[in-house]
Amino acid sequence: MNLLENLGIHPQSVTADQAIITIDVSDRLMQPYGIVHGGINAVLAETAASLAANAWLNRQNREQVAIGVNITTEHLLPVASGEIIVKAQPLKRGRTIQTWFVKEFNGTHLTSTSTVTLANRPKPQI
């Protein structure tokens, strides 16, 4: 089972220019104080950015995959229920590095922002 299936992350729209994913808030995402664990915000940000970054590499017909090398996340509001909606958009897409800006929402409230940097690397031989 992969991470998306394990956590219940649902890709809604993934293109070379944007990714939107959602997740229902559940007990498996919580810290002991009844709010979503901050690490979940980082996981969701990197997931959305990676999906779109790889769609962009595919559109460019590049034999590469984008893998995370850095993430900076700001936790703005706690989330205790409902759904988290995540939107990733590119800041810079280059030959070796991509940087994406990610916003997370609970309803209409902005709850987290992240900057995700990914490295474009050769596809692994499977």
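Bear in mind that the values in this text are calculations on the coordinates, not laboratory data. Keep in mind the model is a prediction, meaning the values are calculated, not measured. FYI the Cβ positions are ideal-geometry reconstructions off the backbone, even for glycines, and counts take in every protein chain you see.
Give me the number: length gained by fully extending Q125 to A16, i.e. 0.36 nm times residue separation minus the C-alpha to C-alpha distance, one decimal in nm.
Details: separation 109, 0.36 × 109 = 39.24 nm, distance 2.34 nm.
Roughly 36.9 nm would be gained on extension.
Just from its helices, what would the mean residue ellipticity at 222 nm be for the chain, if runs of 4 or more DSSP H residues each count -39500 (n - 2.57) and the sum is divided by every residue, rounded to the nearest 500 deg cm²/dmol? It would help to have the intermediate numbers written out before the result.
On the way: 2 runs with 27 residues, N = 126.
Mean residue ellipticity at 222 nm (helix-derived): -7000 deg cm²/dmol.
Could you order the peptides 116-126, 97-107 from most to least packed, using the average number of other C-beta atoms within 10 Å per residue?
Working: 116-126: 13.8, 97-107: 19.7.
Ranked from most to least packed, the peptides come out as 97-107, 116-126.
How far is helix 38-59 tilted, in degrees, relative to the longest principal axis of the Cα atoms in the chain, given as a value from 0 to 90 rounded to the nearest 10?
With rounding to tens, the tilt is 30 degrees.
Going by Cα centres, region 26-53 and region 73-126 are how many Å apart?
So the separation of the two Cα centres works out to 10 Å.
How high is the relative contact order of the chain? Use alpha-carbon pairs under 8 Å, at least six apart in sequence, and give a whole percent. Kindly include the intermediate steps, with their values, before the conclusion.
Values: 275 pairs, mean separation 33.5, N = 126.
Relative contact order for the chain comes out at 27 percent.
Give the share of C-alpha pairs in each 10 angstrom bin for region 3-122, from 0 to the last occupied bin, in whole percents, shortest bins first.
Per 10 Å bin, starting at 0, the Cα pair percentages come out as 15, 47, 29, 9, 1.
Per 0.36 nm of contour for each residue apart, how much would the distance between M30 and L91 grow if the chain were fully extended, relative to their Cα-Cα spacing?
On the way: separation 61, 0.36 × 61 = 21.96 nm, distance 3.03 nm.
Using 0.36 nm per residue and subtracting the Cα-Cα distance, I get 18.9 nm.
Using the Karplus equation 6.51 cos²θ - 1.76 cosθ + 1.60 (θ = phi - 60°), what ³J(HN,Hα) coupling, rounded to whole Hz, does each residue of region 10-23 give in order, writing x for Gly and Pro?
10, x, 9, 7, 10, 10, 5, 10, 6, 10, 10, 10, 9, 8
Of the candidates H109, H75, H37, which one comes out as most mobile in a Gaussian network treatment of the chain with C-alpha springs shorter than 10 Å?
Greatest mean-square fluctuation among the candidates belongs to H109.
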